[in-house]
Amino acid sequence: MTILVTGGAGFIGANFVIDWLAQHSEPVVNLDKLTYAGNLGNLASIANDPRHHFVRGDIGDGALVARLLNGHRVRAVINFAAESHVDRSIDGPAAFIQTNVVGTFGLLEAVRAYWDGLQGEEKTGFRFLHVSTDEVYGSLAPTAPAFTEQHRYEPNSPYSASKAASDHLVRAWHHTYGLPVVTTNCSNNYGPYHFPEKLIPLVIHHALASKPLPVYGDGRQVRDWLYVGDHCSAIRRVLAEGRLGETYNVGGCNEKANIEVVQTLCAILDELRPRVDGQSYATQISFVKDRPGHDRRYAIDAGKLERELGWRPLETFETGIRKTVAWYLANQDWVQDVTSGHYRDWVERQYGQAAP
Ligand code: NAD
Ligand code: DAU
């Protein structure tokens, strides 16, 4: 059997595919549109693995998805594909509606038609796992308890609203058509191959490039950080044992204010790659205009996932962030490739035209 991963050239999807192939013999079909966030360089370590079939395409292309599902007798779909950056959603929400809402709808319809045609164990064993975010729950007051799966949806940005819409579609396809779905709602990830538009990789890159480290507003917004490998292990666990129609929160119990994260990154860089002038990278911190509608605090209660499926993260923030900084220091070629835009050249040569 085979699994179909969508968005597997992005940050979390690429980590998932690499980890999957390291731990399973089962092949992966990797469907990715290669938007600006998709980078085949993320998959360089498995480029020659015959179990990895990369296909460039859109999750909303029903005919393509049907061909892949039928051609590979896919037994599970793990849907990572999305527009994922909040700031971009504020600048231009259309792509978020198109992929996260319309695209997910198209994918669900293609999967439903395929699943309808399955028989026996192939049908009962089939799974559609939808990868979502804690941002669908909105923003927490400073001392409010962490989000459980019962927390009502209160998305505040175009990104989180589009993800919330996709979660509702997935839920409805289960309740109405019986499609065997599970959904995960995860907190902020960090780790290798994180695109340097997001806080942690951006700060590491700017620090080393002697640029200002932009902290939005007062820097006191809180995020709950999870190492990407732990998110991937949670998804594998939910895929294997999650109850149909259920949602599972995934998080690391690592609530940190943004300014604290930035200061930690500066301290690790001061130790591992000191500035030539002997000053701390923290001198580059620059408070800038806040993000419109900026959610103040997210925190995840992952108790259900631990109680029901025995999942716990392996990394603490301290171990994970140190590993992450070390990865970025050791992979400056990857950073250079992304920040210079060179990673797009191959897509243009191969496909004639890069997706937006
Ligand atoms: P990313 O932006 O790094 O990667 C997204 C990938 O999806 C890219 O490779 C892109 O090319 C691909 N893609 C976009 N539109 C597509 C389409 N129409 N068809 C096919 N492929 C398409 O995102 P990420 O950070 O890896 O996030 C992956 C998923 O996890 C998203 O659904 C996101 O909402 C969710 N999530 C992310 C985080 C986080 O902290 N990054 C946390 C919780 C949940
Ligand atoms: O909570 C899960 C979500 O985490 C995912 O669903 C999203 O896909 C992912 O992008 C992430 O969203 P955030 O908006 O929390 O991540 P980002 O890295 O963009 O920002 C983290 C925090 O840091 C946020 O409070 C905004 C702030 N920030 C961000 C950037 C890029 C800054 O202060 N300066 C910056 O330059």
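The values are calculated or read from the model by the stated rules, or taken from the named source; none is laboratory data. As the structure is a computational prediction, the values presented were derived from the model and not from experiment. Glycine gets a Cβ as well: all are built from the backbone with ideal geometry, and neighbour counts include every protein chain shown. The protein model used for the area step is the full one, side chains on, heavy atoms only, and it has no ligands, DNA or RNA in it. Shrake-Rupley method; radii C 1.70, N 1.55, O 1.52, S 1.80 Å.
Under a 5 Å amide H cut-off, with hydrogens placed 1.01 Å from N, residue 185 pairs with 132, 248, 249, 250 among residues at least 5 apart or on other chains. When the helices of the chain are scored as -39500 (n - 2.57) per DSSP H run of n ≥ 4 and the total is divided over every residue, the value at 222 nm lands at -12500 deg cm²/dmol. DSSP beta bridges fully contained in region 197-356 are about 40 percent antiparallel.
Extending 7 Å from Cα along the Cβ direction at residue 70 and again at residue 294 yields two label points whose distance is 5.1 nm. Here the dipole of region 260-356 is about 200 debye; that uses its Cα centre as origin and unit charges on the Cβ of Lys and Arg (positive) and Asp and Glu (negative).
For residue 304, the lysines whose Cα comes closer than 25 Å to its Cα, not counting residues fewer than 8 places off in the same chain, are 163, 256. Each residue of region 312-329 was assigned a 3J(HN,Hα) from its phi angle through the Karplus expression (A = 6.51, B = -1.76, C = 1.60, θ = phi - 60°), giving 9, x, 8, 9, 8, 4, 5, 6, x, 6, 5, 4, 5, 4, 4, 5, 5, 5 Hz with x at Gly and Pro.
Between the DSSP loop rule and a limit of at most 11 other Cβ atoms within 10 Å, which trypsin sites (Lys or Arg not before Pro) in region 140-185 are left?
In loop regions of region 140-185 (DSSP not H, G, I, E or B), the sparsely surrounded trypsin sites (Lys or Arg not before Pro) are 152.
Residues 151, 175, 342, ordered by accessible area of protein heavy atoms at a 1.4 angstrom probe radius and largest first, appear as 175, 342, 151. For residue 49, nonlocal amide neighbours, meaning residues 5 or more places apart or on other chains whose placed amide H falls under 5 Å from its own, do not occur. Along region 154-162 the Karplus relation, 6.51 cos²θ - 1.76 cosθ + 1.60 evaluated at θ = phi - 60°, assigns HN-Hα couplings of 9, x, 10, 10, x, 4, 5, 5, 5 Hz to successive residues, with x for each Gly and Pro.
Averaging the sequence gap over all C-alpha pairs within less than 8 Å and six or more residues apart, then dividing by the number of residues, gives region 196-322 a relative contact order of 41 percent.
Taking trypsin sites (Lys or Arg not before Pro) across region 269-298, the ones in a DSSP loop with at most 16 further Cβ atoms lying within 10 angstrom of their Cβ are 275, 289, 296.
Taking label positions 7 Å along the Cα-Cβ direction at both residue 277 and residue 87, the computed distance is 2.3 nm, reported to one decimal. Divided by 2.2 N^0.38 Å, where N counts the residues, the Cα radius of gyration of region 43-121 comes to 1.29. Close amide H pairs (under 5 Å, H built 1.01 Å from N) link residue 245 with 181, 182, residues at least 5 positions away or on another chain.
The calculated FRET efficiency for residue 322 paired with residue 119, based on their beta-carbon distance and R0 = 41 Å, is about 0.25.
Here the chain carries DSSP beta bridges of which approximately 10% are antiparallel, counting only pairs with both residues inside. Taking label positions 7 Å along the Cα-Cβ direction at both residue 148 and residue 314, the computed distance is 3.0 nm, reported to one decimal.
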